[in-house]
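Data first, discussion second: the structure below is written as structure tokens.
The values are calculated or read from the model by the stated rules, or taken from the named source; none is laboratory data. Quantities reported herein were computed from a predicted structural model and do not represent experimental measurements. A quick note on method: Cβ atoms are made from the backbone with ideal geometry, for glycine too, and the neighbour counts reach across all protein chains shown. The protein model used for the area step is the full one, side chains on, heavy atoms only, and it has no ligands, DNA or RNA in it. Shrake-Rupley method; radii C 1.70, N 1.55, O 1.52, S 1.80 Å.
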Amino acid sequence: MNVSTIEYKGYVARVTFDSRDDIFVGRVLGVRDMISFHADTVVDLHKEFQVAIDDYLADCVEMGVSPDRPASGKMMLRIPPQTHAAALVAAKSAGKSLNQWAGEILEAAVSA
């Protein structure tokens, strides 16, 4: 199965091809609400993704609720104390705060 992702307005969707129905199927990741879409072609898939996100945002406005965002920029981790201590030492050794250091490490990991 070939899996890919696409992005629109900060939302990311996981896309798969359903060979049984001969369609592309997408589902938005990182939000509590279920946002999905499908299409027969890649061009139409991108259009349907944009429609799904725009409809979701419009529905949120209509209902007076804040839309889920894939990430707020705040992250809480539970790690072993020795890992926390080692990360603090590594950050200080690099002349950085733990937040700055961890952000750079995470960015490098997801960009690789």
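Below are the figures for this structure:
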quantity: Highest to lowest packing among 95-107, 68-80, 11-23, scored as the average C-beta count within 10 Å; calculated: 11-23, 95-107, 68-80
quantity: P(r) tail fraction, the chain - alpha-carbon pairs more than 19 Å apart, %; calculated: 60 percent
quantity: FRET E, pair Val3, Arg69, Förster distance 22 Å, beta-carbon r, rounded to 0.05; calculated: 0.45
quantity: Expected 222 nm ellipticity per residue - DSSP helices of 4 or more, -39500 (n - 2.57), all of the chain, to 500; calculated: -14500 deg cm²/dmol
quantity: Extension gain (nm, one decimal) between Val12 and Ser111, 0.36 nm per residue minus Cα-Cα; calculated: 34.1 nm
quantity: Sulfur and carbon atoms: percent of accessible area, the chain [1.4 Å]; calculated: 56 percent
quantity: For the range 1-52: accessible area per residue (Å², 1.4 Å); calculated: 68 Å²
quantity: Integer Hz, Karplus 6.51/-1.76/1.60 couplings in order for the range 72-78, x for Gly and Pro; calculated: 8, x, 10, 9, 10, 10, 10
quantity: For the chain, with +1 on Lys and Arg beta carbons and -1 on Asp and Glu, the positive-most of Pro80, Tyr11, Ser36 along the dipole; calculated: Pro80
quantity: Principal axis dimensions, largest first and in whole angstrom, of the range 17-75 by Cα; calculated: 37, 29, 17
quantity: Positive-end extreme of charge dipole, the chain - chosen from Ile23, Gly103, Ser66 (charges on Cβ); calculated: Gly103
quantity: Estimated vicinal HN-Hα couplings, Hz - the range 34-42 in sequence order (Karplus 6.51, -1.76, 1.60; Gly, Pro = x); calculated: 8, 10, 9, 7, 8, 6, 7, 10, 5
quantity: Quarter of the Cα convex hull surface for the range 59-112, i.e. its orientation-mean projected area (nm²); calculated: 5.7 nm²
quantity: HN-Hα J in Hz across the range 62-68 - Karplus 6.51, -1.76, 1.60, θ = phi - 60°, x for Gly and Pro; calculated: 4, 8, x, 10, 7, x, 4
